[in-house]
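Reading through the structure tokens given below for one structure.
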């Protein structure tokens, strides 16, 4: 697995986008509408080939026929860093090595962009959504290459969970990324960034 992107969830896209822009001091770019899950998003390119996504249910779309990804149907409270995703080259093979509850491959599209995402039947991921969603991009399709450079770099993503040691052991079997750390505590995610305005966090 490779670190792919961070996700800020909210009840509305305006809320998700505002918390990102206020925290990092830079504008996000328009994204679009997603098939299957009927969400919409805005994006911000980060350094090192990753990106930041603000996402929420799309009020202009009908209710999807299955629970939305990123557990958005049960989202409550203020907009916040709520999920993250890691890329894999062969999702079918890699899913056999993952914990129960990561999900099954779903073909998704946003405009002309198409990819596969592992999504569980209830839209969640293991460890109270701290396990990364798995994504498989076609060659040359990664959104980060299409986004305006911002000079924002992720320094640290901290995953906080009551059973952080078990999460760390399970995840580091698949992901070797020094930016990802673990702490014991109530479920939460914290990210620290280097930006043109200095260090900022979500």
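Readers should treat all values here as calculations from the given coordinates under stated rules, not as data from a laboratory. Only a predicted model underlies this, so the values are computations on that prediction, with no experimental measurement involved. Virtual Cβ from ideal backbone geometry, glycine too; neighbours counted across all protein chains shown.
Figures for the structure shown
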| item | result |
| --- | --- |
| Whole-Å semi-axes of the ellipsoid equivalent to segment 153-201 (Cα gyration tensor, √5λ, descending) | 23, 13, 5 |
| Label-point separation, residue 11 to residue 80 (7 Å along Cα→Cβ), nm | 1.5 nm |
| Convex hull projection area averaged over all views, the chain, Cα basis, nm² | 10.4 nm² |
| Reference-scaled alpha-carbon Rg (2.2 N^0.38 Å with N residues) for segment 1-57 | 1.09 |
| Alpha-carbon Rg/Rh ratio, for segment 27-69, with Rh computed the Kirkwood way | 1.06 |
| Burial order of peptide ranges 179-192, 13-26 (average beta-carbon count within 10 Å, highest first) | 13-26, 179-192 |
| Length added when fully stretched, residue 122-residue 107, from 0.36 nm per residue minus Cα-Cα | 3.7 nm |
| Equivalent ellipsoid dimensions for segment 84-141 as semi-axes, Å, which come from the Cα gyration tensor, largest first | 19, 12, 10 |
| Estimated FRET transfer efficiency when R0 is 25 angstrom, pair residue 174-residue 146 (beta carbons, to 0.05) | 0.40 |
| Highest-fluctuation residue, 140, 32, 103 considered, GNM on the chain with Cα pairs under 10 Å | 140 |
| Compactness of segment 1-117 as Cα Rg over 2.2 N^0.38 Å, two decimals | 1.06 |
| Using distinct alpha-carbon pairs, which all enter the 1/r mean, Kirkwood radius of segment 56-119 in Å | 13.9 Å |
| Residue 114-residue 155 pseudo-label distance in nm [points 7 Å out on the Cα-to-Cβ vector] | 4.2 nm |
